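Take a look at the structure set out below.
The values are calculated or read from the model by the stated rules, or taken from the named source; none is laboratory data. Because the structure is predicted, anything quoted here is derived from the model rather than measured. Note: ideal-geometry Cβ built from the backbone for every residue, glycine included; neighbour counts use all protein chains shown.
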Amino acid sequence: MQQQVSEQPMSPVLRRYTSHLLRRAFHRANQISHVGLPGGLQPRDLALLSVLAEQEVLSQQELAGRLEINRTIMVKLIDKLTEAGYAQRTRNPADRRTHVLSITAAGRELLKSIDHSTADGENDFLEPLSVRERRELNKLLRALLPDISQEVGGEQLSSYFITLAYHRLRRQGNEAMAEHQLQARHAGALIALRELGPCSQQQLARTVGTTEATTVLVVDELESTGAVTRERNPADRRFNVVVLTPVGEELLAGALRVLDELQGEVVALLGERGDQRLRALLTKLLWPS
């Protein structure tokens with residue numbers, strides 16, 4: 001059973017970053033918007049097919065890297081798509097010991113045919129937005145993806161575009177944060193800890209908008225770098241709180257520089273008003289008034 005992601009309001013700092021709003025929207029979309037897609041497909045499957053549509057062939061490793069998907073999970077996704085006839089594995093002509101992946105004619109037809117009317121879950125996901133706002137959201141998301149495959153039209157699934165935009169910004173964030181020995185997912189936790197002060201992992205998960213299991217993993221990783229410590233809660237010594245360390249403060253400064261640079265790239269594509277509008281629409285999706 002998929003663990004639910006918290007949708008409580010985030011910190012004021014995190015709300016400034018389009019990449020963070022896209023991450024939360026991505027997780028929410030994957031919770032509900034796959035209902036009604038053919039063969040039990042999810043937005044992530046469509047994103048995978050779109051990448052294959054843009055490239056003639058890719059190795060499984062290359063595809064996993066593009067979408068920042070765990071290799072074990074990627075094997076399962078590819079198995080599902082090949083069994084459905086949307087993708088195929090063939091021998092790599094450059095190295096017959098390995099295989100490459102490509103999209104099939106059926107996969108291309110699927111990308112062309114998917115629209116809002118084919119997915120009940122998509123309508124549930126987009127329920128807070130008017131028809132005009134949904135079109136506006138797609139237009140802005142497409143502007144974030146100028147090189148997206150033209151197999152996909154402007155009226156396609158918003159969750160699909162959110163998935164593509166999220167994975168692209170996360171990949172860029174991970175590449176830039178590697179200099180600081182961080183990943184994009186660490187930044188939200190560091191920001192929240194500076195704002196909250198010492199707090200429980202449950203409170204941290206609610207603030208950042210991740211599952212508790214993911215938060216435990218993130219805290220473990222940050223603790224291994226010395227960025228945080230787990231200490232006894234002075235109010236109830238049966239429980240621990242997560243505390244940001246001076247090392248964490250230094251890493252946070254680097255992470256904020258990366259996030260600001262990434263946000264600048266978003267603004268360069270959308271313009272100041274376009275970015276503000278995209279963040280407003282994503283916020284309305286996540287927290288309907």
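Values for this structure:
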read-out	value
Meets criteria (under 18 Å from residue 142 (Cα atoms) and either basic (Lys, Arg) or touching a residue at least 60 places away in the same chain (Cβ under 8 Å) (or both)) for residue 237	no
Check on residue 262, in contact with a Leu (Cβ under 8 Å, 6 or more places away or on another chain), buried (at least 17 other Cβ atoms within 10 Å of the Cβ) and more than 12 Å from residue 182 (Cβ to Cβ)	yes
Of all residues making up region 46-88, the number that are basic (Lys, Arg) and either surrounded by 15 or more Cβ atoms within 10 Å (Cβ to Cβ) or touching a Gly at 6+ places or on another chain (Cβ under 6 Å) (or both)	2
Cross-chain or 6+ apart pairs with Cβ under 8 Å, region 200-213 first and without any contact (Cβ under 8 Å) to a residue 40 or more places away in the chain, then in a helix (DSSP H, G or I) and small (Gly, Ala, Ser)	204/189; 204/192
Some residue of region 120-135 being more than 21 Å from the chain's Cα centre (by Cα) and not charged (D, E, K, R)	yes
Some residue of region 14-30 being in contact with a Leu (Cβ under 7 Å, 6 or more places away or on another chain), assigned to a helix (DSSP H, G or I) and modelled with pLDDT under 80	no
Check on residue 211, among the hydroxyl-bearing types (Ser, Thr, Tyr), touching a helix residue (DSSP H, G or I) at 6+ places or on another chain (Cβ under 7 Å) and buried (at least 22 other Cβ atoms within 10 Å of the Cβ)	no
